[in-house]
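Presented below is the structure to which this report refers.
The values are calculated or read from the model by the stated rules, or taken from the named source; none is laboratory data. Keep in mind that what you see is a predicted model, and the values were worked out from it rather than measured. Positions of Cβ are backbone-derived with ideal geometry, glycine not excepted, and every protein chain shown enters the neighbour counts.
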């Protein structure tokens with residue numbers, strides 16, 4: 001990180017801290033600061049902040065759910081997925097759909113792919129254009145070795161987001177695995193983001209090995 005970027009981040013953080021100090025009864029200010037702390041990899045401070053804020057707004061449902069969502073994301077960013085699931089599960093209001101998707105993401109991180117699939121499908125049933133849910137469904141099917149189902153959902157993603165490099169790359173992997181040719185998907189990824197392309201190509205053999213093992217388990 002160069003000095004200019006570091007200085008800009010510090011300035012932004014100071015402004016967020018000032019916003020909390022200026023209005024200690026603004027839940028959104030706490031949330032914004034907590035998310036910024038997470039982005040700065042300061043999860044311990046973010047957790048402390050969200051817990052403090054929750055004690056302030058404990059009798060206010062809307063504010064509490066926003067802060068619980070922030071705390072749950074903090075646990076997720078800390079790889080504390082079971083704790084994240086417990087927090088996300090508390091959310092019943094406007095953020096419920098987002099929380100359900102994050103529960104699915106948490107289960108995916110825990111390699112509980114059937115559970116991640118259930119949550120992602122539930123979200124997609126409520127929001128048929130939700131590409132994040134589509135990606136999670138596709139990734140879950142892929143992890144389970146069900147490549148045709150995964151392909152179906154990756155194709156749905158790129159129908160909406162034509163330059164989604166993750167979906168395009170995974171389609172290339174599926175076609176290579178099933179048919180021995182990527183059908184031009186890797187070239188599309190390279191044209192969109194060459195850095196991402198080279199990084200993923202370095203991991204390709206590991207990805208293919210994982211998929212083949214998943215397919216073998218699926219066939220048993």
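Table for the structure above
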| quantity | calculated |
| --- | --- |
| Qualifying residue in the stretch 44-53 (condition: surrounded by fewer than 17 Cβ atoms within 10 Å (Cβ to Cβ), within 16 Å of the chain's Cα centre (by Cα) and not assigned by TED's automatic domain parsing to the domain that holds residue 168) | no |
| Candidates 155, 168, 136, 95, filtered to the one that is surrounded by fewer than 19 Cβ atoms within 10 Å (Cβ to Cβ), closer than 21 Å to residue 208 by Cα and either assigned by TED's automatic domain parsing to the domain that holds residue 206 or without any contact (Cβ under 8 Å) to a residue 60 or more places away in the chain (or both) | 155 |
| Flag if residue 117 is in contact with a helix residue (DSSP H, G or I) (Cβ under 6 Å, 6 or more places away or on another chain), under 30 Å from residue 61 (Cβ atoms), in contact (Cβ under 8 Å) with a residue 24 or more places away in the chain and assigned to a helix (DSSP H, G or I) | no |
| Close pairs (7 angstrom Cβ cut-off, 6 or more residues apart or separate chains): in the same structural domain as residue 164 (by TED's automatic domain parsing) in the stretch 179-205, outside any helix (DSSP H, G or I) anywhere | 192/163 |
